[in-house]
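Inspection log for the structure reproduced underneath, given as structure tokens.
The values are calculated or read from the model by the stated rules, or taken from the named source; none is laboratory data. Since we're looking at a predicted model, the values are computed, not measured. Please note: Cβ atoms are built from the backbone with ideal geometry, for glycine as well, and neighbour counts cover all protein chains shown.
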Amino acid sequence: MIRTVDVTSTNAPAATADRAAIQSDWRSQLPVLRTGRVTLRELRPSDARSLHQMLTTEEVSRFISPPPNTVAGFERFIDWTQRERAAGHYVCFAVVPEGFDHAVGLFQIRQLGQTFEVAEWGFALGTPLWGTGVFEAAAPAVVDFAIEILQVRRLEARSVVQNGRGNGALQKVGALREAVLRKSFLKDGQYFDQVLWSITADEWRYTRHATAVTRVH
């Protein structure tokens, strides 16, 4: 059974029950997260064509590791994500905004050790969705999943210094800029500096709670 969770819900008992169930079965199937007008779900083979169209443009791929360059390559990537999720090392959510049938982007979380205690996340979104609020709606749900379901204590991200949009997005979601990793990313034969960002579980929970209290009052 595919479990659907409305992450904007304020029903605490139901949320607690869902959390316990998801913690036990996410390796079998990722839950479907609905947040605002965006759905986050497991990648499907049928997403390969839309992902190829959205993520291989120069604007999107400029500062990230090269995506597959064919639809068949994305099909193999999708199959790999499901194997790695089943092994318990990695998760990948498709980003499907309201009005779309297929993925227009993705969020990835991978463990950096033997467990998910320290993990790294990354994201890519097709340019037609830039500036539409899709990232702002989806990113907190992904961080919530990482911290509450995967039990991540420290969530890291790395973004090329020149990637102003990516760095701005991480800052907006609440990540803390920690350091510059010099010449740490190789792309097209050139090494780039990266900014190291982090979110810790205790800070995230405090901020989310404070925001919820402010909204109530």
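Kindly indicate which of T35, T16 is under 14 Å from the mean Cα position of the chain (by Cα), at pLDDT below 95 and not acidic (D, E). Can you show your working first?
On the way: T16 fails: under 14 Å from the mean Cα position of the chain (by Cα).
Matching residue, one of T35, T16: T35.
Sort through A179, A210 and tell me the only one that's at pLDDT 95 or above, under 26 Å from L150 (Cα atoms), exposed (fewer than 13 other Cβ atoms within 10 Å of the Cβ) and of a type in the set (A, V, I, L, M).
On the way: A210 fails: at pLDDT 95 or above.
Of the residues listed, the single one that is at pLDDT 95 or above, under 26 Å from L150 (Cα atoms), exposed (fewer than 13 other Cβ atoms within 10 Å of the Cβ) and of a type in the set (A, V, I, L, M) is A179.
Return the residues of the stretch 49-79 that are closer than 14 Å to L106 by Cα, of a type in the set (A, V, I, L, M, F, W, C) and out of contact with any Lys or Arg (no Cβ under 9 Å at 6 or more places or on another chain); say none if nothing qualifies.
L51, M54, L55, V60, F77
If the requirement is being surrounded by fewer than 22 Cβ atoms within 10 Å (Cβ to Cβ), at pLDDT 95 or above and either among the polar types (S, T, N, Q) or in contact with a strand residue (DSSP E or B) (Cβ under 7 Å, 6 or more places away or on another chain) (or both), which of these qualifies: V142, V160?
V160
Considering only residues that are charged (D, E, K, R), out of contact with any Phe, Trp or Tyr (no Cβ under 6 Å at 6 or more places or on another chain) and farther than 19 Å from V60 by Cβ, which ones fall in the stretch 178-211?
Listed by number, the residues that qualify are E178, R182, D193, D202, E203, R205, R208.
Working only within the stretch 40-55, note down all residues that are surrounded by 20 or more Cβ atoms within 10 Å (Cβ to Cβ) and part of a helix (DSSP H, G or I).
Once the filter is applied, which keeps residues that are surrounded by 20 or more Cβ atoms within 10 Å (Cβ to Cβ) and part of a helix (DSSP H, G or I), the stretch 40-55 yields D47, A48, S50, L51, M54, L55.
Run Q114 past the list (1) in contact with a Cys (Cβ under 7 Å, 6 or more places away or on another chain); (2) surrounded by fewer than 16 Cβ atoms within 10 Å (Cβ to Cβ) and report the number of the one that doesn't hold.
Single failed check for Q114: (1).
For the stretch 168-193, which positions are in contact with a Ser or Thr (Cβ under 8 Å, 6 or more places away or on another chain) and in a strand (DSSP E or B)?
Across the stretch 168-193, the qualifying residues are L176, E178, K187, Y191, F192, D193.
Tell me which of these N69 doesn't satisfy, since it passes every other one: (1) part of a loop (DSSP other than H, G, I, E, B); (2) under 18 Å from the mean Cα position of the chain (by Cα).
All conditions pass for N69, except number (2).
Could you grab me the full set of residues in the stretch 105-137 that are in contact with a strand residue (DSSP E or B) (Cβ under 8 Å, 6 or more places away or on another chain) and either farther than 18 Å from L155 by Cβ or of a type in the set (G, A, S) (or both)?
Once the filter is applied, which keeps residues that are in contact with a strand residue (DSSP E or B) (Cβ under 8 Å, 6 or more places away or on another chain) and either farther than 18 Å from L155 by Cβ or of a type in the set (G, A, S) (or both), the stretch 105-137 yields G105, A119, G122, A124, L125, G126, L129, T132, V134, A137.
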